[in-house]
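Heads up, the thing below is written out as structure tokens.
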Amino acid sequence: MRPAPSLARTKGQRIALLLLVALLLATVGGQTGIAAETGKVITLGESLNAEQRREMLDYFKSGDDDVVLTVTQQETVEAMQGVLDGVGGPVTGAYSSTALTCRNLGDGLDITTRNITLITPSMYAMALVTAGLGDATLVVSAPFDTSALGTSAMTGVFKTWEIAPCASGHTTKSRQRLALEQLALAAAIGQAISTGGGTDGVQPAANVVLETQKTIVTEKLKKEADIDAALRREEQSEGIEIPGDLRQKLVDLFVRLGKANIDWSTFAAGWTIEYKANNQISMTGDGIAVREARQTATAEAAAMTATAEAASALTATAEAATQLTATARAHARMTATARAAARGTATASAEAEMTAVADAWATEDAIAALTATADAMPTATALPTPTATPSPLGLSGKVTGIQGNLLSIKEAGKQESTQFTVDSDATITRSGKPATLETVAVGDRVDLTVDGNTNHVRMLSATAAPTPIATRLAGLWWLIPVAAVVAILILWKRRVVVEPFVVKRVAAA
């Protein structure tokens with residue numbers, strides 16, 4: 001005779017099964033993406049007085065969750081040095097202010113300006129994309145009683161990024177420098193084609209630069225001839241002609257952009273620009289990163305749906321088993337009672353026990369059948385999450401060695417140097433001018449952009465180390481004998497010839 005099944009054991013199995021399903025649901029639910037932060041980061045120019053600061057905070061709708069920073073005139077001068085020199089005049093104050101709100105990957109850029117005289121929404125847009133900020137809402141403004149060029153605002157955006165970066169973007173010092181060069185060229189072109197010394201040419205110039213950049217990115221242009229042709233088409237479309245020297249500088253910059261192997265993220269594969277009234281522009285893209293994020297979200301949603309359906313089926317199975325157990329118990333009691341009445345108490349007692357055992361066996365078999373049915377049901381398998389393409393890495397340090405295309409640098413705070421391979425087509429500058437790896441010297445300070453896949457250097461910006469005084473003097477050794485000869489000649493010319501003193505005696509008359 002088989003022993004009667006333990007009803008407590010089967011109930012414990014059901015509880016454990018339900019707990020397992022709950023844990024699975026909690027695990028899948030915990031893998032959803034993180035949305036953009038709700039708070040803004042606000043930057044205020046240091047030249048604003050107390051009333052103007054209040055005006056800016058009210059215009060930006062500042063709240064308790066917002067971070068407020070101050071951008072100084074000195075920070076603006078340092079950021080724009082060698083970039084905006086001679087464009088718009090010298091920096092005489094820091095008035096333009098910003099409010100930056102992060103957006104989810106793929107939401108794109110939405111930019112608005114107010115009381116900004118030089119930098120247009122198109123120029124901010126091109127600079128942000130080049131710098132690596134592709135999903136954000138940016139509002140730039142100066143007070144009503146003080147217009148501003150907008151350069152402090154651009155400095156404020158980069159300062160914001162160092163303190164509170166958006167999760168969907170990635171920027172480096174070298175990319176920020178390229179962005180400022182691009183912005184400066186667009187401003188210089190706009191002023192060059194303006195009439196009567198005004199700024200009426202800034203907007204069409206900015207549109208030409210932005211639309212050309214869009215073509216270069218989406219069509220992956222790298223050759224100078226192709227980039228020149230794309231720029232020519234946009235000039236004709238906008239009805240302007242860029243002066244020769246500025247045009248060549250712009251083509252050279254675009255060639256560097258095309259060869260820089262920049263991760264354009266949101267705007268890598270598709271790019272839609274919407275020019276709006278009241279100094280506004282919106283840009284959305286369909287880059288690789290955006291598509292990967294959508295695939296991940298779809299996979300996670302499918303996994304959650306399938307898991308929920310499986311949990312529902314298992315719950316129904318457990319409930320059916322519980323109901324069957326209760327029915328079997330009731331049937332056993334009724335059978336025992338009926339037979340006890342017909343045959344007597346003693347016989348009924350033994351027969352009721354045997355009937356209960358037999359019915360319990362039937363119950364166990366039924367539960368086993370239901371469990372087998374549940375096990376046979378298809379198990380939902382979560383779709384694999386696409387692996388995101390590694391973003392380029394930005395880092396800075398001091399050159400400690402160069403051997404062929406191998407570059408060793410020592411980063412701040414580290415004891416040992418790290419060796420990197422510099423690609424043959426990497427973009428290299430030294431002291432702000434195009435250069436080659438052979439011109440980079442040990443001791444130079446460098447900013448690198450390293451490819452996330454190959455770990456090779458794609459962009460290198462070097463600053464020559466200051467030459468020690470002793471070294472500089474050692475090269476002037478030849479001045480010592482020259483100085484000695486000069487001194488001798490001077491002393492020789494100053495020599496005074498004194499006639500000898502002679503006493504003559506005269507005889508008296």
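The values are calculated or read from the model by the stated rules, or taken from the named source; none is laboratory data. None of the values given here were measured: they were computed from a predicted structure. Counting neighbours? That spans all protein chains shown, and the Cβs are built from the backbone with ideal geometry, glycine included. Each accessible area value is taken on the protein alone, full model and side chains, heavy atoms only, with ligands, DNA and RNA left out. Shrake-Rupley method; radii C 1.70, N 1.55, O 1.52, S 1.80 Å.
What the table shows:
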item: Accessible-area order (highest first, 1.4 angstrom probe) of the listed residues Asp286, Asp65; result: Asp65, Asp286
item: Long-range HN-HN contacts of Ser194 with modeled amide H, under 5 Å; result: Gly201
item: Candidate residues Tyr59, Tyr275, Tyr124: accessible-area rank, largest first, probe 1.4 Å; result: Tyr275, Tyr59, Tyr124
item: Amide H contacts under 5 Å for Val450, placed H, 5+ residues apart; result: Leu393, Gly394, Leu395, Arg458
item: Pairwise label distance in nanometres, Glu78 with Asn49, each label 7 Å out on the Cα-Cβ vector; result: 2.9
item: The stretch 207-262, accessible surface, carbon-and-sulfur percent (1.4 angstrom probe); result: 43
item: Computed log₁₀ I(q)/I(0) - Debye formula, equal Cα scatterers, no solvent, the stretch 47-157, q 0.11, 0.13, 0.20, 0.24 Å⁻¹; result: -0.34, -0.47, -1.13, -1.51
